[in-house]
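Colleague: One structure follows; several queries about it will come next.
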Amino acid sequence: MQPIHIVVSGLGAIGGYYGGRLAFYTEPLTSIHTSFFMRSGVHLEQVRREGLHITSPSLDLWAHPYRASDRVEDLPQADVLLLATKSYDALANIEQLRSIITPSTVIVPLHNGLDVPPAIHRALPENLILPGVCHITGRRIAPGEIAIRSDRNVLKFGATSDLNSRLAPSEWQIAEAFYTLLKASGVSCCLYREMAPYLREKYLMLSPSATATAYFDKPIGRVLDEHNEEFRGLIAELASLYRAAGWEQDLFLEESGYQSVGKMPREATTSMHSDILAGHQSELESLVGYVVRLGRQLGLPTPLYAKMYQGLLQRRSN
């Protein structure tokens, strides 16, 4: 039998942690290989030379992938493709990887944004797509170094009815096999037959947090202390869109979203805020612009989101 090939694209904190754990577990195996597709540079060179070092309060391991390259032609055809780039790179990343994607490749996208899985499905309509969300806090702190803040993290992934309306039993067996592999590698994870509610649950927490921390240029604790009314207003606008779209009817949706944000460390910010501060490309369109556009589509005003979106666009242009 040919070995199963897992390819991880994007080796920041998310791809580094999950890809690293898979690579560490599969390194001694001949039946399963884990490879990394990375940008060229010192991060890639360090991984090639020493491996990927992952630490958390209870973890200290060195992961050595089967292959690590910035050249797609160096990689095997993927049986499972774990996509862990930023959302704005998702479609370009798929085009980069076209030569190793077959109709049977299972795609597991771990991007922020409700708009990304449907876009991937349009790009790869024949493939099984199992979108996921990561509840994890970590950073790439140096070339070849991933630091995870807490051991209390979980990956949720699975099928969605809009992307997988006719999920065959054989496809679900593949999903279960990958879930089993993740568990064996030490990843805390959950597999769902209907993932959409969990994607929206994460977005209800992340989108207002990213919008407010970036707009006010403050960590989440100060946002909640100093701009609580506006922050609650963002959650209320998003929750209203969920109801108007027929996604949720929970009368306490706003409060559950607010309580989820309240569990974040007070000094924490969001990657979108950090990227904007650094002058990097950010997930502004997926996490803020998408809400404004959805509101227009549904005929439901989102004045706070619109105000902060325009403010962040202006700041980016300056």
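Colleague: Restricting attention to the stretch 266-318, which GluC sites (Glu not before Pro) occupy a DSSP loop and are surrounded by at most 16 other Cβ atoms within 10 Å?
Modeller: Glu267
Colleague: So for the pair Thr55, Ile141, with labels modelled 7 Å out along Cα→Cβ, what separation do we get in nm?
Modeller: Taking the simple label geometry, Thr55 and Ile141 are separated by 0.4 nm.
Colleague: For an R0 of 35 angstrom, estimate the FRET efficiency from the Cβ-Cβ distance between Leu167 and Arg67 and round to the nearest 0.05.
Modeller: Calculated value: 0.70.
Colleague: Can you show me the helix-derived [θ] at 222 nm for the chain, built from DSSP H runs with n ≥ 4 at -39,500 (n - 2.57) apiece and divided by the number of residues, rounded to the nearest 500.
Modeller: -13500 deg cm²/dmol
Colleague: Based solely on C-alpha atoms, express the radius of gyration and the Dmax of the stretch 218-318 in angstrom.
Modeller: 14.1, 40
Colleague: Still on this structure: From the convex hull of the Cα coordinates of the chain, what is the mean projected area in square nanometres?
Modeller: Quarter of the Cα hull surface area: 16.2 nm².
Colleague: Which of the trypsin sites (Lys or Arg not before Pro) across the stretch 1-49 are loop residues per DSSP, with 16 or fewer other Cβ within 10 Å?
Modeller: Answer by residue number: Arg39.
Colleague: Here's something else I'd like to know. Contact order normalised by length for the stretch 165-318, with contacts defined as Cα pairs under 8 Å and 6 or more residues apart; what percent is it?
Modeller: 27
Colleague: Can I ask one more? Mind checking which of Gly12, Gly20, Gly299 has the largest fluctuation in a GNM of the chain, springs on alpha carbons under 10 Å?
Modeller: Sorting by GNM fluctuation, first place goes to Gly299.
Colleague: Rounded to a whole number, what % of the accessible area of the stretch 39-113 do carbon and sulfur atoms account for, probe 1.4 Å?
Modeller: Carbon and sulfur together cover 47 percent of it.
Colleague: Then there's this: Take every DSSP beta bridge whose two residues both sit in the stretch 1-129, then give the antiparallel share in percent to the nearest 5.
Modeller: 20
Colleague: Rounded to the nearest 10 Å², what accessible area does Leu277 have for a 1.4 Å probe in the complete protein model?
Modeller: For Leu277, the solvent-accessible surface is approximately 110 Å².
Colleague: Looking at the chain, send over the antiparallel percent of its DSSP beta bridges, to the nearest 5.
Modeller: Within the chain, antiparallel bridges account for around 35 percent of the total.
Colleague: How big is the accessible area of Lys183 in square angstrom, nearest 10, if you roll a 1.4 angstrom probe over the protein chains?
Modeller: Surface open to solvent at Lys183 totals about 100 Å².
Colleague: Now for a different question. Measuring from label point to label point, each 7 Å out along Cα→Cβ, what is the Arg122 to Gln2 span in nm?
Modeller: Distance between the two pseudo-spin positions: 3.1 nm.
Colleague: Shifting gears a bit: Let me check something: with ligands and nucleic acids excluded, how do Ser99, Ser69, Ser271 order by accessible area (1.4 Å probe), largest to smallest?
Modeller: Ser99, Ser271, Ser69
Colleague: Which value in nm describes the separation of the simple spin-label points at Gln314 and Ser274, placed 7 Å from the Cα toward the beta carbon?
Modeller: 2.8
Colleague: Quick one: how many lysine pairs in the chain have C-alpha atoms under 26 angstrom apart, if they're 8 or more apart or on different chains?
Modeller: So the count works out to 16.
Colleague: Can I ask one more? Quote to one decimal, in nm, the extra length available between Ala177 and Glu27 on full extension: 0.36 nm per residue of separation minus the C-alpha distance between them.
Modeller: 52.2 nm
Colleague: Within 14 Å, Cβ to Cβ, of Pro103, how many net charges do the neighbouring residues add up to if Lys/Arg are +1 and Asp/Glu are -1?
Modeller: -2
The values are calculated or read from the model by the stated rules, or taken from the named source; none is laboratory data. Please read all numbers here as calculations on a predicted model, not as lab measurements. Heads up, the Cβs are rebuilt from the backbone with ideal geometry, glycines too, and the neighbour counts pull from every protein chain shown. What goes into the accessible areas is simple: the full protein's heavy atoms, side chains included, and nothing from ligands, DNA or RNA. Shrake-Rupley method; radii C 1.70, N 1.55, O 1.52, S 1.80 Å.
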